[in-house]
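Take a look at the structure set out below.
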Amino acid sequence: MKYGPAVRRRKLGAELRALRLQAKLTSGEAARLVGWHQSKVSRIETGRSGVKASDVLRLLDAFETADPRRRELVIALAGAEEAGGHNWWHAYRGLLPPSYRDFISLESQACRIRTLETSVVPGLLQTPEYARAVTRSVLTGTPEPHIEALVKVRLARQEVLRAQPPLQLSAVLDEGVLRREVGGPDILRRQVAHLAEVAQMPHVRIQVLPFSAGGHIGLTGPFVVFSFPNTSDLDVVVLDHLTSSLYLERREDLKAYTDAFDALLLRALSPEDSLEFIGQIAG
C-alpha cells in the first residue's frame, strides 16, 4: 500500500536506508529482525511502497537508533505519509496527475506556505471564474466537464485558509500577475478586488513586486516553499514545469530558496502599500 505523496515516501525510504547502513545491517538481516520479507524492506527504502508509523518504530528499534533527532524526523515523515493516505482529493485520482495530488497533499499538511508567482494568481487566492479561465488557457481542447472538475478541486484546496488553525500564507506577486487579463478585463478586475479582500485576513500576507523594482532573483521563475509543524526537516520547495513538478528537500536548496524569498520581500512593496497598489488596479 502507498501512503501520502511520493516525495515523502522517497525521503522516508532514504532515511531508513541510511539508518540501516549505520547499523551495519543488510536489507535481508533487517527484514528478519522485524519478521518481513526482504523485498518489503527494499520497496520501502526505494520509495515504491509506504510504511505505517508503527512499522517504522519497529525498524528504528531493530536498527537500535537512539539519536532522538533522527527518530523524530523519521517518525514525523511516517506520520505525514499516513496523514496523506485518505483525503478528499482521492475522489479525483483519475483526473489529477500524481504530481498534482502530491502537491495538494503537502499543501493540506503544511502550516506555512511562501510562494512567488510571476504569471498568475496563486491557486489558493483565485476566484472561480479566474480559475476557470486559467484552466481553459492551460488545457486547451479539454472537455468542459473536465474543466469544471478541476476548478472544483482548486476551490476545495482553498479550505486550508479557513481551517483551524488556518494556513499561514505569504505570497509575493509580480505586478504582471495583476495586469495579465486572464479571461478578460472584467474577470481580472473581480480577481484583483478579491485579492484586496483576502489580503486583509490576518494569516494572509500579500506583497507586490512592481515593475519599477527592476531585475530580481525571482526572474528565474515561480516557486513554493512548504513548511510543516514541529520541524524544518520536513520542508519542501516545489518548482512547476509544463509537464511535471520538481521537489527539492536538500538543506542547501531549502536555504537558497528561503533566502531568495526573504530577498524578494525586501524588494517588494510592504503589505500596506501592496494593498493600496492592488486597490488602485482593481479600481
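The values are calculated or read from the model by the stated rules, or taken from the named source; none is laboratory data. Bear in mind that the values here come from a model prediction, so they are computed numbers and not experimental data. Here Cβ is always computed from backbone atoms with ideal geometry, including for glycine, and neighbour counts include all displayed protein chains. Ligands, DNA and RNA are stripped out before the accessible areas are found, and what is left, the full protein with its side chains, is counted by its heavy atoms. Shrake-Rupley method; radii C 1.70, N 1.55, O 1.52, S 1.80 Å.
May I ask you to list the residues in the range 258-272 that are open to solvent by 60 Å² or more (accessible area, probe 1.4 Å) and either closer than 18 Å to G218 by Cβ or not in a helix (DSSP H, G or I) (or both)?
Across the range 258-272, the qualifying residues are D259, D262, L266, R267.
Let me confirm something: among A171, A163, A131, which residue is at pLDDT 95 or above, among the aliphatic types (A, V, I, L, M) and under 17 Å from the mean Cα position of the chain (by Cα)?
Selected residue: A171, the only one of A171, A163, A131 that is at pLDDT 95 or above, among the aliphatic types (A, V, I, L, M) and under 17 Å from the mean Cα position of the chain (by Cα).
Being open to solvent by 10 Å² or more (accessible area, probe 1.4 Å) and either at positive phi or not hydrophobic (A, V, I, L, M, F, W, C) (or both) is the filter here; which residues of the range 5-23 pass it?
R9, R10, K11, E15, R17, R20, Q22
So in the range 197-212, with the set limited to residues that are in contact (Cβ under 8 Å) with a residue 40 or more places away in the chain and open to solvent by 20 Å² or more (accessible area, probe 1.4 Å), which one is farthest from the chain's Cα centre (by Cα)?
Of everything passing the filter in the range 197-212, Q200 is farthest from the chain's Cα centre (by Cα).
Of these, A156, A163, A131, which one is of a type in the set (G, A, S) and in contact (Cβ under 8 Å) with a residue 40 or more places away in the chain?
Checking each option against the conditions leaves just A156.
Those residues that are touching a residue at least 60 places away in the same chain (Cβ under 8 Å) and out of contact with any strand residue (DSSP E or B) (no Cβ under 9 Å at 6 or more places or on another chain), I need them from the range 230-251; list them, please.
N230, T231, D233, S244 - these are the residues of the range 230-251 that are touching a residue at least 60 places away in the same chain (Cβ under 8 Å) and out of contact with any strand residue (DSSP E or B) (no Cβ under 9 Å at 6 or more places or on another chain).
Could you list all residues from the range 99-124 that are under 24 Å from A193 (Cβ atoms), assigned to a helix (DSSP H, G or I) and either of a type in the set (A, V, I, L, M) or open to solvent by 40 Å² or more (accessible area, probe 1.4 Å) (or both)?
L124
Going by the conditions given, is A196 touching a Leu at 6+ places or on another chain (Cβ under 7 Å) and farther than 30 Å from L73 by Cα?
In short, yes.
Can you find a residue that is in a helix (DSSP H, G or I), open to solvent by 30 Å² or more (accessible area, probe 1.4 Å) and among the hydrophobic types (A, V, I, L, M, F, W, C) anywhere in the range 154-172?
Yes, the conditions are met somewhere in the range 154-172.
Among (1) farther than 14 Å from G13 by Cβ; (2) modelled with pLDDT of 85 or more; (3) open to solvent by 50 Å² or more (accessible area, probe 1.4 Å); (4) of a type outside the set (A, V, I, L, M, F, W, C), where does G28 come up short?
(3)
Scan the range 134-149 for residues that are over 14 Å from R180 (Cβ atoms) and either in contact (Cβ under 8 Å) with a residue 60 or more places away in the chain or not β-branched (V, I, T) (or both) and report the count.
Count: 9.
Go through the range 125-153 residue by residue and tally those that are closer than 21 Å to V204 by Cβ and open to solvent by 10 Å² or more (accessible area, probe 1.4 Å).
Of the residues in the range 125-153, 4 are closer than 21 Å to V204 by Cβ and open to solvent by 10 Å² or more (accessible area, probe 1.4 Å).
Here is a check on your reading of the model: is R136 in a helix (DSSP H, G or I), of a type outside the set (S, T, N, Q) and under 20 Å from the mean Cα position of the chain (by Cα)?
no
Can you tell me which residue is farthest from F261 (Cα to Cα) among those in the range 229-240 that are at pLDDT below 85 and open to solvent by 20 Å² or more (accessible area, probe 1.4 Å)?
N230
State all residues of the range 173-189 that are acidic (D, E) and buried (at least 20 other Cβ atoms within 10 Å of the Cβ); if no residue qualifies, say none.
Passing the criteria: only D174.
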